[in-house]
Amino acid sequence: MRKLKFLSVAMAAALALTACTPQTAPNKSASPSATETPVNLSAYYSQKLSWKKCGTHLKCSKVSAPLDYADLSQGSIKLAIVRYSNTKNKALGQLVMNPGGPGASGYDFVKNSVTEIGTDRLRAHYNIVGFDPRGVQHSTAVHCLSAKQMDSFFYDASGYAIGSPEDLAHSRTQAQIFGAACAKNTGKLLAHVDTESAAKDLDIIRAALGQPKLDYLGFSYGTYLGTVYAAMFPTMVGHFVLDGAIDPNASGDDQSVHQLVGFDLALKNYLKYCLSNTDCPFSGSLEKAQKKVQSFLLSTETKPLKNKDEPNRKATVWAVETGMMMALYSNDYWTYLTDAFKEAFKNKNGANFMRLADFYNDRGTDGKYLSNINEANIAISCVDSREPATPEALAAQNAKLLAASPTLGRYWLNGAVLCDKWPYPAVHTITDFSAKGSPRILVIGTTGDPATPYEQAVSLAHNVLANGYLLTYQGEGHTAYGRSNSCVSNSVDDFYLSATLPATEPRC
């Protein structure tokens with residue numbers, strides 16, 4: 001099944017989907033006021049949390065939120081949250097974080113990997129709170145396919161030439177089957193997993209934590225969630241850091257092209273790095289290396305690679321391409337990509353690509369998926385937005401993609417079909433993301449970020465937000481805080497701890 005291109009969670013740990021700018025759709029849902037609690041939501045805003053110890057320095061709880069903010073009679077859902085507290089003195093506050101996606105589990109991220117969030121200095125002064133947005137993992141969640149069906153959906157080739165009318169028809173059919181399964185196995189929640197509802201949930205979480213303002217750290221898609229929250233509740237914004245930023249005003253088609261350009265640049269940077277090393281499976285010029293990648297990908301379209309780890313699972317072009325994308329998220333993974341190419345070229349073995357693809361898709365070695373990130377990812381994205389999928393619109397977008405990257409563009413074709421016949425309409429009411437009235441919001445962009453290209457951070461900080469401030473990390477990889485250098489870390493920590501920023505926007 002041809003799938004949409006993805007954004008990553010922080011540190012490229014799992015699947016994520018392009019955050020498209022939603023199409024305007026009717027929605028009578030009213031946002032809770034930024035200055036006072038609406039009477040009809042008072043029970044949610046005044047709820048008291050019951051915390052239970054769930055690990056060292058960890059306590060877990062559940063927050064109730066309306067299923068449908070426009071019709072409270074539809075009942076409520078549960079949002080899973082976890083709080084890490086290891087401060088020697090009184091905490092400065094509760095820092096709520098979202099690792100990205102959409103669909104990534106902030107609950108699991110904090111519970112299992114809290115020491116990878118930010119710095120020791122940050123964690124010594126703040127309690128760190130992770131939560132699963134509506135539809136995700138430990139909260140009231142989206143469910144669609146069995147593990148075996150997910151394997152087929154994400155890894156199987158159609159049997160037709162990529163981009164052909166037959167391949168497109170197959171993709172449309174598979175997308176409709178997926179959407180129907182989500183509707184059947186999820187129920188009415190599927191219509192209400194949009195980001196605007198998740199932002200309203202965030203304000204309820206803020207109140208339940210006893211915070212007069214929301215202190216927030218968002219990575220990748222988490223920057224979009226944070227931007228939506230700031231637009232809806234500007235006076236509730238506390239210390240906000242948005243790392244790996246998304247421009248909410250860019251169209252879905254433009255997002256896809258920009259991201260493709262980002263991955264194309266990351267591939268070129270990887271090949272340059274590889275060619276400078278003696279054990280590189282490529283040789284000669286950069287252009288020659290690119291041609292070899294193109295030829296290799298084309299060959300896997302008709303001749304999948306064997307997989308010595310699991311002989312019954314062939315490494316199709318989609319497994320190879322997904323594995324390659326995984327490794328391009330960060331230069332930390334480039335050595336794994338070199339090993340994958342070496343094994344594929346020398347032994348026709350795609351096991352390393354399969355391992356990377358499985359890691360990307362959160363698939364365990366036992367064949368089970370470790371979370372519902374894939375299903376939640378698609379469900380949230382499709383309810384957030386819809387791009388035209390007429391033959392004319394697809395042809396125009398495909399032409400842009402092929403022109404943007406002769407190497408990778410072929411594998412990004414016809415992405416709009418995935419959400420075209422989604423069971424529920426797109427939900428979007430916000431037209432102004434400027435968050436006028438908010439304090440300064442710190443936006444971080446990485447110059448070599450393939451998943452959320454740097455230009456989007458520039459646009460969010462300088463063109464979208466009324467009070468944006470840009471921190472630039474001059475390096476490779478997706479997101480920067482906690483994985484780059486002391487210039488980034490110290491700037492972010494100073495902002496959280498003392499609300500100070502350098503007089504001039506830094507380039508780290």
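The values are calculated or read from the model by the stated rules, or taken from the named source; none is laboratory data. Since this is a predicted model, take the numbers as computed values, not measurements. Note that each Cβ is placed from the backbone with ideal geometry, even for glycine, and that neighbours are counted across all protein chains shown. Just the protein is used for accessible areas: all its heavy atoms, side chains included, with ligands, DNA and RNA removed. Shrake-Rupley method; radii C 1.70, N 1.55, O 1.52, S 1.80 Å.
A few remarks follow.
- Hits in the range 302-315 - residues which are touching a residue at least 40 places away in the same chain (Cβ under 8 Å) and surrounded by fewer than 23 Cβ atoms within 10 Å (Cβ to Cβ): PRO304, LYS306, ASN307, LYS308, ASP309, GLU310, ARG313
- Inter-residue pairs, beta-carbon under 6 Å, first under 12 Å from ASP420 (Cα atoms) and touching a residue at least 12 places away in the same chain (Cβ under 8 Å) and in the range 159-180, second open to solvent by less than 70 Å² (accessible area, probe 1.4 Å) and among the basic types (Lys, Arg), 6+ apart: SER171/ARG2
- The listed residues are SER283, SER299, and the only one of them that is surrounded by 14 or more Cβ atoms within 10 Å (Cβ to Cβ), farther than 28 Å from PRO453 by Cβ and of a type in the set (S, T, N, Q) turns out to be SER299.
- Restricted to the range 102-140, and to residues there that are in contact (Cβ under 8 Å) with a residue 40 or more places away in the chain and among the acidic types (Asp, Glu), the residue that is most open to solvent (accessible area, probe 1.4 Å) is GLU116.
- Selection count, the range 460-507, where residues are part of a helix (DSSP H, G or I) and among the aliphatic types (A, V, I, L, M): 6
- Answer from LEU67, LEU58, LEU49, LEU17 - the residue that is among the aliphatic types (A, V, I, L, M), within 29 Å of SER381 (Cα to Cα) and at pLDDT 95 or above: LEU67
- Complete set of residues in the range 209-232 that are small (Gly, Ala, Ser) and farther than 19 Å from GLN137 by Cβ: GLY210, GLY226, ALA230, ALA231
- Residue check, PRO439 assigned to a loop (DSSP other than H, G, I, E, B) and open to solvent by 60 Å² or more (accessible area, probe 1.4 Å): no
- Any chance ALA344 is small (Gly, Ala, Ser), in a helix (DSSP H, G or I), surrounded by fewer than 24 Cβ atoms within 10 Å (Cβ to Cβ) and modelled with pLDDT of 95 or more: yes
- Those helices (runs of 4 or more DSSP H) of the range 168-285 in which 1 or more residues are within 22 Å of PRO439 (Cβ to Cβ) occupy 195-208, 221-232.
- Unmet requirement for GLU387, which otherwise passes all of (1) over 23 Å from CYS144 (Cβ atoms); (2) open to solvent by 20 Å² or more (accessible area, probe 1.4 Å); (3) not aromatic (Phe, Trp, Tyr): (1)
- Tally of residues being assigned to a helix (DSSP H, G or I) and farther than 24 Å from GLU476 by Cβ across the range 286-318: 8
- Flag if LEU402 is open to solvent by 40 Å² or more (accessible area, probe 1.4 Å) and either on the phi > 0 side of the Ramachandran plot or in contact with a helix residue (DSSP H, G or I) (Cβ under 6 Å, 6 or more places away or on another chain) (or both): yes
- For the range 142-151, taking the residues that are touching a residue at least 40 places away in the same chain (Cβ under 8 Å) and either hydroxyl-bearing (Ser, Thr, Tyr) or surrounded by 15 or more Cβ atoms within 10 Å (Cβ to Cβ) (or both), the one that is farthest from LYS421 (Cα to Cα) is identified as ASP151.
- Filter result (open to solvent by 20 Å² or more (accessible area, probe 1.4 Å) and out of contact with any strand residue (DSSP E or B) (no Cβ under 9 Å at 6 or more places or on another chain)) within the range 257-270: VAL257, HIS258, VAL261, LYS268
- Options SER164, SER251: the member that is surrounded by fewer than 24 Cβ atoms within 10 Å (Cβ to Cβ), under 25 Å from HIS478 (Cα atoms), out of contact with any Gly (no Cβ under 8 Å at 6 or more places or on another chain) and small (Gly, Ala, Ser): SER251
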